[in-house]
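Working notes for the structure below.
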Amino acid sequence: MDAQRRRQAYDRFDRATAVPMLALAALLIPMVAVPWAMELPDGVERWLAALDLAIWTAFGVELAVKAYLAPDRRRHLRHHWLDALMVAVPFLRPLRLLRSARALRLLRAMHSATEMNERRHLRR
């Protein structure tokens, strides 16, 4: 495929995916915020995790297709380095979330212990 045809295919793909990718990006905000703000049943958390993976897969596919269609792939990836980073980083997130979840449980346990200790002092 010559550079001009690549550019035309790139532009068509970019126009076709702009709104859906924006909608997926907007959907990620509550998907990340809600589990941190409230306790959810395990089934809901698993469903959200699967949806999160599907969305990040869509971002990865979009990045790969655009890199393939770009007339100069290296230049495209250098210019869109933040997109590449956003696609790559979520795969590291489970380890960070695991660590954060443990820290939150520990903080909750410490908070509960402190409240129980304060109640004991008030009863005396």
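Roughly how many Å² is the accessible area per residue of segment 1-98, as a whole number, for a 1.4 Å probe?
Solvent-accessible surface per residue comes out at 72 Å².
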Exercise. Tell me, what is the FRET efficiency for ALA33 and VAL89 to the nearest 0.05, using R0 = 25 angstrom and their Cβ-Cβ distance as r?
Worked result: 0.90
Exercise. Around HIS80, what is the net charge, scoring Lys/Arg as +1 and Asp/Glu as -1 over all other residues with Cβ under 13 Å from its Cβ?
Worked result: +1
For this session: With viscosity set to 1.306 mPa s and temperature to 10 °C, compute the Stokes-Einstein D of segment 13-52, Rh being the Kirkwood radius across alpha carbon pairs; µm²/s, no decimals.
Result: 140
Problem set entry | Using θ = phi - 60° and Karplus 6.51 cos²θ - 1.76 cosθ + 1.60, couplings along segment 67-82 (whole Hz; Gly, Pro as x) | 5, 5, 7, 4, x, 10, 4, 4, 4, 4, 5, 5, 5, 10, 4, 5
Seminar exercise, completed: If each K or R counts +1 and each D or E counts -1, the residues other than ALA67 whose Cβ falls under 13 Å of its Cβ total +2
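The values are calculated or read from the model by the stated rules, or taken from the named source; none is laboratory data. For clarity, every value in this text was computed on a predicted model and none was experimentally measured. No Cβ is skipped: glycine too gets one built from the backbone with ideal geometry, and neighbour counts run over all protein chains shown. Protein only, heavy atoms only, side chains kept; ligands, DNA and RNA dropped before computing areas. Shrake-Rupley method; radii C 1.70, N 1.55, O 1.52, S 1.80 Å.
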